[in-house]
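First the structure, in the form of structure tokens, and then the observations on it.
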Amino acid sequence: MPITINQLLNRPLVRYLIVGGSVYVFEIAVIVIAQAQGASAVAAVTISYCLGTLLAFLFQKFVTFGDKRVHHRVVIPQLLATCALVAWNLAFTLLLTRLLDHILPTVVTRTIAIAVTTLWNFYLYRTRIFKSTDNPVY
């Protein structure tokens, strides 16, 4: 029996990849626009990364993992954990960009960084950052 679209969308990994793919397209557009305006590769990636991360956090929290909790006791730790993850991902992304800037286009370098960080981000979002407790008081 074929899998329906609703069955696919009920899977967090599928929603995660759809959200991530949408944010990817957004980030690539930002890189292209920023570089067309004279930004360096590292500056363009930094701008796209920051904007994409904010957009991704909101969509991953509310859409992918269905975490509707907005109480400060929930959101503040999530934001702090996400900021730590973002700092790590940004450092990794910029290092990769710096290392590969002379041999690959910036868009390709960013794509590689996204592929790598996607794996550890999904795991951490699902098991640590957006994991709901059995007692969702907030």
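Where a number appears in this text, it was derived from the coordinates with a stated rule and is not lab data. Fair warning: this is a prediction, and the values are worked out from it, not measured in the lab. Here Cβ is always computed from backbone atoms with ideal geometry, including for glycine, and neighbour counts include all displayed protein chains.
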TODO: Mind giving me the nanometre distance, one decimal, between the label points for V42 and I103, set 7 Å out from Cα along Cα→Cβ?
DONE: 1.9
Task: Förster radius 35 Å - calculated FRET efficiency between I33 and I3 (Cβ-Cβ, nearest 0.05) - done: 0.40
Open item on the list: Just to confirm the number: angle between the C-alpha axis of helix 72-100 and the first principal axis of the chain, 0 to 90 degrees, nearest 10?
Closed with: 30
- [ ] Find the centroid of the Cα atoms in region 71-100 and in region 1-58, then give the distance between the two in whole Å.
- [x] 15
Open item on the list: List residues of region 117-131, by number, whose backbone nitrogen lies under 18 Å from a label position 7 Å along Cα→C-beta of L79.
Closed with: 129-131
TODO: Treat each spin label as a single point 7 Å out from the Cα along the C-beta direction, and report the L17 to L55 distance in nm.
DONE: 2.0
- [ ] Would you kindly work out the equivalent ellipsoid of the chain from its C-alpha gyration tensor and give its semi-axes, the square roots of five times the eigenvalues, largest first in whole Å?
- [x] 29, 18, 13
Open item on the list: Give me a comma-separated list of calculated 3J(HN,Hα) values for region 111-128, in order, Karplus coefficients 6.51, -1.76, 1.60 applied at θ = phi - 60°, integers in Hz, x for any Gly or Pro.
Closed with: 5, 4, 4, 5, 4, 5, 5, 4, 5, 6, 5, 4, 4, 5, 4, 6, 9, 10
